[in-house]
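Structure, as structure tokens:
What follows is calculated from the coordinates using simple rules that are stated; it is not laboratory data. Values in this document were obtained by computation on a predicted structure and should not be read as measured data. Here the Cβ positions follow ideal geometry from the backbone for every residue, glycine too, while neighbour counts run over all protein chains shown.
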Amino acid sequence: MQNFQIDNLDKMILNALLDDARIPYAELGKRFKVSPATIHVRIEKMRSAGIIVGTRLAIEPKRLGYDVSCYVGITLNNAGDYPEVVKRLEAFDEVVEAYYTTGKFSIFIKVICHSIDELQWVLIGKIQSIEKIRDTETFMSLQNPIQRTIKI
């Protein structure tokens, strides 16, 4: 994979889109003193280069009653079990992030549930029932004071 070189205008566009992905090209053009067509070309160039990937909607889970957020460190029986375990974890709606890691755990996942009772069911009835998982350790999240992507 090749790194793509961006200039100051690209950086300004990316940072503006990170703040508000729905901002019109015309508004960006006025802000940065270029035409909306230039903004369009720059954004499409960054999409083609894989810098801009998709468009996502952000949801506040607590507003929908998801009051429990935790991280689960997973130790596998064998390193070769990774692909199958990830495939199984991906099927659980409560698992919202997964990372292949070094150190104590093979996989580190983020789980969001409505309640502690639901979390217990997810841990015992779903995650720990995967036979290729040797051990788990759960870390409860009390707050998420920093939540952002990188700024360019």
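For the reader, a short list of remarks on this structure follows.
- Dipole magnitude (debye, nearest 20) for the range 113-152, charges at Cβ of Lys, Arg, Asp, Glu: 320
- From the C-alpha gyration tensor of the range 43-85, square roots of 5λ in Å: 31, 25, 7
- Computed lengthening from Asp135 to Thr75, 0.36 nm per intervening residue step minus Cα-Cα distance: 21.1 nm
- Positive-end residue, the range 53-152 charge dipole about Cα centroid, Cβ charges, pick of Phe108, Leu89, Trp121: Phe108
- The count of lysine pairs in the range 1-123 whose Cα atoms are under 29 Å apart, excluding pairs fewer than 8 places apart on the same chain, comes to 9.
- Point-charge dipole on Cβ atoms (K/R +1, D/E -1) for the chain, about Cα centre, debye to 20: 760
- Distance from the Cα centroid of the range 75-122 to that of the range 43-72 is 19 Å (rounded to whole angstrom).
- Computed per residue of the chain from DSSP H runs no shorter than four, each worth -39500 (n - 2.57), the mean residue ellipticity at 222 nm is -9000 deg cm²/dmol.
- Most mobile listed residue (Ser106, Ser141, Ser35) in the chain, GNM with C-alpha springs under 10 Å: Ser35
- Candidates per chymotrypsin sites (Phe, Trp or Tyr not before Pro) in the range 39-101, loop by DSSP, up to 16 other Cβ within 10 Å: Phe92
- Each residue of the range 21-26 is assigned a 3J(HN,Hα), and the resulting list reads 5, 9, 5, x, 4, 4 Hz, derived from the Karplus form 6.51 cos²θ - 1.76 cosθ + 1.60 (θ = phi - 60°), x at Gly and Pro.
- Structural descriptor for the chain: relative contact order 25 percent, calculated from alpha carbon pairs under 8 angstrom and at least 6 residues apart.
- Summary value for the range 8-48: 36 percent relative contact order, contacts being C-alpha pairs under 8 angstrom separated by 6+ residues.
- Seen against the Cα atoms of the chain and their longest principal axis, helix 8-19 is set at about 50 degrees.
- The average projected area of the range 61-141, computed from the convex hull of its Cα atoms over all directions, is 4.9 nm².
- You can think of it this way: the chain between Thr101 and Asp20 has 26.0 nm of extra reach, that is 0.36 nm per residue less the Cα-Cα gap.
- Kirkwood analysis of the Cα pair distances in the range 3-89 returns a hydrodynamic radius of 16.6 Å.
- Kirkwood hydrodynamic radius of the range 8-48, Cα pairs, Å: 9.9
- Leading residue at positive end of dipole, the chain (Cβ point charges), from Ser141, Val41, Ala16: Val41
- Tail beyond 25 Å, pair distance distribution of the chain (Cα, percent): 50
- Most mobile listed residue (Val111, Val34, Val72) in the chain, GNM with C-alpha springs under 10 Å: Val34
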